[in-house]
Amino acid sequence: MMQVFGFPNTRATRVLWALEEIGADYEYVPVDLHKGEGRRPPYVDLNPAGKVPTLLEDGFALSESAAICTFLGDRFPQSGLTPTHGSRERALYNKWCFFVIGELEQPLWTLAKHRFALPEKRRVPAIMETAAWEFGVVANVLNIGLGGREFILGEQFTAADILIAHTLGWALACNLSLGSPSLDRYAQRVLGRPALARARQRESMDQNQGRKTDG
């Protein structure tokens, strides 16, 4: 059985969401980042970056949420989470996945780093305004690319929508505007999928169980 190592309200949610869309069996393994479990063995031996998520199956470990979601979509083609290799749709899918990681989430990660993730002496509060502005710029690019369609590739929901919507939810949690009613509607529609609700319930339930066990 596949294992997903994660922590609530992180990029690990994307992987659980994909697995719930697929309906695959998996074990969720909480990694308490607040206690530093990501930076020490045994987890750091699995993922030297000390970050979540990590997927583990039969000794094969894979990190990076976009890579994991794409692997799962390819592994379970009946899910429709990834388009066919070599197709134009697959090229567009790759484009938007790379856009999320390289552009859309980076201003949000900058905000997070300078609010709490970096050591206090490394934080630069003055960068906050620039990061918020930068997010607005790339959100507009996304809005143009979406073009009012139901999903980023048209009528088919894919793992690219998981990455995009999760990142938009991150922005909303930071009290940032998405900049357009169409993006607001897209985020509300995709973040309202039952599979995401199940994923959040799973990580919350298993995290609480882990705390009871630790105590």
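Miscellaneous remarks
- Inter-centroid distance (Cα atoms) of the stretch 1-30 relative to the stretch 71-124, Å: 16
- In plain terms, the chain from Lys113 to Ala67 could stretch by 14.3 nm, reckoned as 0.36 nm per residue minus the Cα-Cα distance.
- Straightening the chain between Ala126 and Asn140 buys 2.7 nm, computed as 0.36 nm per residue apart minus the Cα-Cα spacing.
- Basic side chains Lys and Arg get +1 at the Cβ, acidic Asp and Glu get -1 at the Cβ, and with that the dipole of the chain about its Cα centre reaches some 520 debye.
- The stretch 67-213: relative contact order in percent, alpha carbon pairs under 8 Å with at least 6 residues between: 23
- Pairwise Lys count, the chain - Cα closer than 17 Å, eight or more residues apart or different chains: 4
- Kirkwood Rh in Å, taken over all unlike Cα pairs in the chain: 18.0
- Contour excess over end-to-end distance, with Cα ends at Glu89 and Glu57 and 0.36 nm allotted per residue: 8.7 nm
- D (Stokes-Einstein, µm²/s), Kirkwood Cα radius, the stretch 88-192, 0.890 mPa s at 25 °C: 173
- Beta bridges by DSSP in the chain, antiparallel share as percent, to the nearest 5: 60
- Pair Asp45, Trp133: separation of 7 Å Cα→Cβ label points (nm): 4.8
No value in this document is a laboratory result; all are computed from the given coordinates. Since this is a predicted model, take the numbers as computed values, not measurements. Glycine also receives a Cβ, built like all others from the backbone with ideal geometry; neighbour counts cover every protein chain displayed.
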